[in-house]
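J.: Sharing a structure here in structure tokens format.
The values are calculated or read from the model by the stated rules, or taken from the named source; none is laboratory data. Note that the coordinates shown come from a computational prediction; the quantities given were computed from them, not determined experimentally. No Cβ is skipped: glycine too gets one built from the backbone with ideal geometry, and neighbour counts run over all protein chains shown.
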Amino acid sequence: MNEANGRILLAHGAGGRLTHELIESLFVRRFDNKPLAALDDSAELKLPDDCRIAFTTDGYVVKPIEFPGGDIGRIAVCGTVNDLAMLGARPLGLSVALILEEGLERETLNRIVDSMADAAKEAGVELVTGDTKVVERGAASGLYIVTSGVGMIPYGLSLSGRNARVGDAVLVSGTLGDHGITVMNAREGLGFEGDLRSDAAPLNGLVENMLSVHSSVRVLRDLTRGGLATALNEISRASGVLIEIEETAVPVRNSVLAGCQMLGLDPLYVANEGKLVAMVDETYASGVLRAMRDHPRGREAVRIGTVLKGEAGVVMRTPIGGARRLLMLDGDPLPRIC
Amino acid sequence: MIPAGAIESVRATLDEIVRRSAEICRRTGRDAVQIMEVCGTHTMSFAASGLRGMLPDTVRLLSGPGCPVCVTTPGDVDRAVWFARQPGVTLVTFGDMMKVPGSAGSLSDARALGADVRMAYSPADALELARGDPQREFIFLGVGFETTAPLVAATVRAAAREGIRNFSVFPLFKLVPPALRAILARRDHHIDGFILPGHVSAIIGLDPYRFVADEFGVPGIIAGFEPFDLLEALPMLLRLCRQEKAAIDIQYTRGVPAGGNPAALRILKEFFLPAEAVWRAVGAIPDSGLAFRPEYDAFNAVRKFPGMPAHDPPEPKGCLCGAILMGRILPADCPLFGAACTPETAVGPCMVSSEGACAAAYKYGLTETSRWKKSRRRQEVAVRS
Amino acid sequence: MCLAIPGRIIERTGTMGRADFGGLVRAVALDLLPDAEVGDVVLIHAGFAIQTVDLSMEPEIAERLIAR
Ligand code: SF4
């Protein structure tokens, strides 16, 4: 036994025996699907005639790579599934490229890969093709993941940030800020204990539930970096409408709020990995809300506001009856004491 | 966090503010009662709660020098960067200071170039880093006011007791009352009253502010940071403004006993001596900083790492932060505001810190007040119909 | 200029303790409040308790702040 045992070596990415061993013993076995098992250069996917596809890609570099409620593998799968789901697309297959740092423990890699397989199963999607590279120690921090996804957009469906209309109800699928505060706590060693957990989750099931209620959903956006405030600003600009939300209606877990207050952060700008905002035809808003609450990822869904006529922008009504303008996030929020 | 049905009492309070401020304006013949909120957290609370936009035109809020980031000079940032670049040294700082530009970049830039700069939530966490890696030197960047300095002193005391030798502090602390004196000493100030910082006062209590009323005839209220605190503090202050004799009072009674925190004051005395400090964009103010007592030289980074550059680069051209922090003009009066100077392209310190007067004004759209109020009315109509 | 939020002391050993902030728990240094006891509500700034919150002053408000 030497020290390199149980660790990733440069040779694992060199394309030779070790690479094959890694692919077959780990990826093919855990991701377990036909297109991948063929180990061809590309995966073949069958599409119905006349179908529109959604296509998306994203890189994942979160640090630390494991944290309460998730890990880099889980968010790499969920993030891409969610990007597809925001167009209403049903995921057909995901590709996964892993960039591993030499010396990464095999055990850690196994856990991450398991977690990817679990997330894919939860989302009902297959990881049909992939690639693995190994870079020298120090050239990456642990591992990075790039996932791409292809999804099928149901006939006649058109969801876009441009579609918000005056009068639409603004709904969110649950509490905000859980992921961002959890990861910051783990990364910066802030020493917070308690019920902080990342919300990383696939939202395609939730979206299917929502879309089953009439064709009343106009905009979906997942609330990743930049949080709710940034997503609302993007939608408001794209649709040329004013969005007004109620501060008291915005759901934030007590512990997350306490963490935010201690660090001078605003939960409206903190990242989520399993939450969405929707603009929905007012008439059907309560039906959509019910459909959301029927899904485990939308139990705490609520209406937080309304789309109004006016100059593009986002306004929040405060509990004392005032108003506050919400701008896009600028810069990365750092924990502060002042 | 406003109890149900409180909107009514908010209205009543606002009515009182309208009435009292108008009355004062009639008496003084000026267009508005000018109130300086000394503390950046108050600046943020006024804006984030929407209260700022609800106040009548007869109340004008001025943001004071109470943001430690805003008042740290570019020279001091350069020196912090210099410490961070010393071989074998890790500089530990509150996240607040990461992006404040010196003459050759910020600590965040220095980190990108290879310096070991780490963020900590607490000075105790910085000491913990030092405990865990005795071969490295850890320097804590000691920024802050009276609220923060005692924690750093307590951390140094812990290090001394444990015999930890690889921990020191670069002290850049500032004190609030001397800054208020500097503002008031300029006879051209137009400050009718102060909203005084609640958490500084939790340490120093009420007495150190008495001179504000006694020598300069300006009243002040020590206030908390919740919207309802501010709603209570404003009428209290306006009532004081009307009185013959100026006085200082406490609204934030749940957190500020008149005597402050005696243990914290003791430890401040034990470790530090008052010293002149240079406030960014304001200048040198006598006795407004804290220097380590000579017996603690071993924990004073300035003593421990000789050779610190003394150069003080000039303030950025065109920036009017100094006049803003002194309460003489408003952010929107600066020609660079919102144009050349935004949070992403900050020219001056008031735009860098998220608590800075210019950043708050920018973030909450305070430039557009009058237009804003009109469009709000339109929205309300839209909601109803 | 200085963020401080109320939390309830749930444990104390020497000058160290732990405080509960409505479900979030963190270690807090009690050097500056030598008389603080378990059960007290204190203001925490950068990991240190800096003052005891006087619950008798505005009990309703103080309780609400802590419960969040
Ligand atoms: S707007 Fe920018 S340049 Fe002008 S005073 Fe403020 S910080 Fe300085």
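Per-residue answers, yes or no, for (1) part of a loop (DSSP other than H, G, I, E, B); (2) of a type outside the set (Phe, Trp, Tyr); (3) crowded, with 23+ Cβ neighbours inside 10 Å:
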| position | (1), (2), (3) |
| --- | --- |
| A:ASN233 | no, yes, no |
| A:GLN261 | no, yes, no |
| A:SER286 | no, yes, no |
| A:GLU300 | yes, yes, no |
| A:ILE304 | no, yes, yes |
| A:VAL315 | no, yes, yes |
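A quick yes/no check of all residues on (1) touching a residue at least 40 places away in the same chain (Cβ under 8 Å); (2) of a type in the set (A, V, I, L, M, F, W, C); (3) in contact with a helix residue (DSSP H, G or I) (Cβ under 9 Å, 6 or more places away or on another chain); (4) within 21 Å of A:ALA85 (Cα to Cα):
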{"position": "A:GLY138", "(1), (2), (3), (4)": "no, no, no, no"}
{"position": "A:GLY151", "(1), (2), (3), (4)": "yes, no, yes, yes"}
{"position": "A:SER160", "(1), (2), (3), (4)": "yes, no, yes, yes"}
{"position": "A:ARG165", "(1), (2), (3), (4)": "yes, no, yes, yes"}
{"position": "A:THR182", "(1), (2), (3), (4)": "yes, no, yes, no"}
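J.: I need the full set of residues from the stretch A:317-331 which are crowded, with 20+ Cβ neighbours inside 10 Å and under 14 Å from A:ASN233 (Cβ atoms), in order please.
T.: A:ARG324, A:LEU326, listed by residue number.
J.: Within the stretch B:144-153, count every residue that is free of Cβ contacts under 8 Å to residues at least 60 places away in the same chain and part of a loop (DSSP other than H, G, I, E, B).
T.: Start the filter on the stretch B:144-153 by keeping residues that are free of Cβ contacts under 8 Å to residues at least 60 places away in the same chain, which leaves B:147, B:151-152.
Narrowing the set further to residues that are part of a loop (DSSP other than H, G, I, E, B) leaves B:147.
Matching residues across the stretch B:144-153 total 1.
J.: Scan the stretch A:263-284 residue by residue and report those that are buried (at least 24 other Cβ atoms within 10 Å of the Cβ) and polar (S, T, N, Q).
T.: Of everything in the stretch A:263-284, just one residue is buried (at least 24 other Cβ atoms within 10 Å of the Cβ) and polar (S, T, N, Q), namely A:ASN272.
J.: Right, another one. Looking at the stretch B:306-330, which of its residues are surrounded by fewer than 20 Cβ atoms within 10 Å (Cβ to Cβ) and either more than 10 Å from the ligand (Cβ to nearest atom) or over 26 Å from the mean Cα position of the chain (by Cα) (or both)?
T.: Scanning the stretch B:306-330 gives B:PRO306, B:GLY307, B:MET308, B:PRO309, B:ALA310, B:HIS311, B:ASP312, B:PRO313, B:PRO314, B:ARG328.
J.: Moving on. Exactly one of (1) within 21 Å of B:ALA160 (Cβ to Cβ); (2) within 16 Å of the ligand (Cβ to nearest atom) is unmet by B:ARG303. Its number?
T.: The one condition B:ARG303 does not meet is (2).
J.: If I go through the stretch B:190-208 residue by residue, how many of them are touching a strand residue (DSSP E or B) at 6+ places or on another chain (Cβ under 8 Å) and buried (at least 21 other Cβ atoms within 10 Å of the Cβ)?
T.: Final tally of qualifying residues: 13.
J.: Sticking with this one: Restricting the search to the stretch C:24-54, which residues are more than 12 Å from chain B (Cβ to nearest Cβ) and free of Cβ contacts under 8 Å to residues at least 12 places away in the same chain?
T.: C:LEU24
J.: Further question on the same structure: Just wondering, is there one or more residues in the stretch B:31-42 that are away from chain A (no Cβ under 14 Å), farther than 18 Å from B:PRO235 by Cβ and surrounded by fewer than 24 Cβ atoms within 10 Å (Cβ to Cβ)?
T.: yes
J.: Can you name the helices (runs of 4 or more DSSP H) wholly within the stretch B:205-323 that have at least 3 residues being at pLDDT below 95?
T.: Fully inside the stretch B:205-323 and qualifying: B:227-242.
J.: Let me ask something else about it. Quick one: is B:ARG30 modelled with pLDDT of 95 or more, of a type in the set (Lys, Arg) and farther than 29 Å from C:ALA4 by Cβ?
T.: no
J.: Separate question: Among the residues of the stretch B:331-368, what is the count of those that are more than 8 Å from the ligand (Cβ to nearest atom), in contact (Cβ under 8 Å) with a residue 60 or more places away in the chain and either farther than 19 Å from B:GLY50 by Cβ or of a type in the set (Ser, Thr, Tyr) (or both)?
T.: Total meeting the criteria: 3.
J.: Given A:PRO68, A:PRO48, which one is within 30 Å of A:ARG221 (Cα to Cα) and either under 17 Å from the mean Cα position of the chain (by Cα) or crowded, with 16+ Cβ neighbours inside 10 Å (or both)?
T.: Checking each option against the conditions leaves just A:PRO68.
J.: Follow-up question, since we're still on this one. Any residue in the stretch A:147-163 that is touching a strand residue (DSSP E or B) at 6+ places or on another chain (Cβ under 9 Å), surrounded by fewer than 18 Cβ atoms within 10 Å (Cβ to Cβ), outside the structural domain of A:PRO35 (by TED's automatic domain parsing) and basic (Lys, Arg)?
T.: Checked against the condition, which is being touching a strand residue (DSSP E or B) at 6+ places or on another chain (Cβ under 9 Å), surrounded by fewer than 18 Cβ atoms within 10 Å (Cβ to Cβ), outside the structural domain of A:PRO35 (by TED's automatic domain parsing) and basic (Lys, Arg), the stretch A:147-163 yields at least one hit.
Yes/no matrix, rows are residues, columns are (1) more than 8 Å from every other protein chain (Cβ to nearest Cβ); (2) in contact (Cβ under 8 Å) with a residue 24 or more places away in the chain; (3) in contact with a Pro (Cβ under 6 Å, 6 or more places away or on another chain):
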| site | (1), (2), (3) |
| --- | --- |
| A:VAL252 | yes, yes, yes |
| A:CYS260 | yes, yes, yes |
| A:PRO267 | yes, yes, no |
| A:GLY274 | yes, yes, no |
| A:ALA278 | yes, yes, no |
| A:ASP281 | yes, yes, no |
| A:ASP294 | yes, yes, no |
| A:GLY313 | yes, yes, no |
| A:PRO335 | no, yes, no |
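J.: A further question on this structure: For residues in the stretch B:154-167 being in a helix (DSSP H, G or I) and more than 9 Å from chain C (Cβ to nearest Cβ), which is surrounded by the fewest Cβ atoms within 10 Å (Cβ to Cβ)?
T.: Among those that are in a helix (DSSP H, G or I) and more than 9 Å from chain C (Cβ to nearest Cβ), it is B:ARG161.
J.: Looking for something within 11 Å of chain A (Cβ to nearest Cβ), closer than 24 Å to B:GLY356 by Cβ and surrounded by fewer than 21 Cβ atoms within 10 Å (Cβ to Cβ) - is there at least one such residue anywhere in the stretch B:110-132?
T.: yes
J.: Identify the single condition in (1) among the basic types (Lys, Arg); (2) more than 21 Å from B:PRO101 (Cα to Cα); (3) touching a residue at least 60 places away in the same chain (Cβ under 8 Å) that B:ARG266 does not satisfy, given that it satisfies every other one.
T.: (3)
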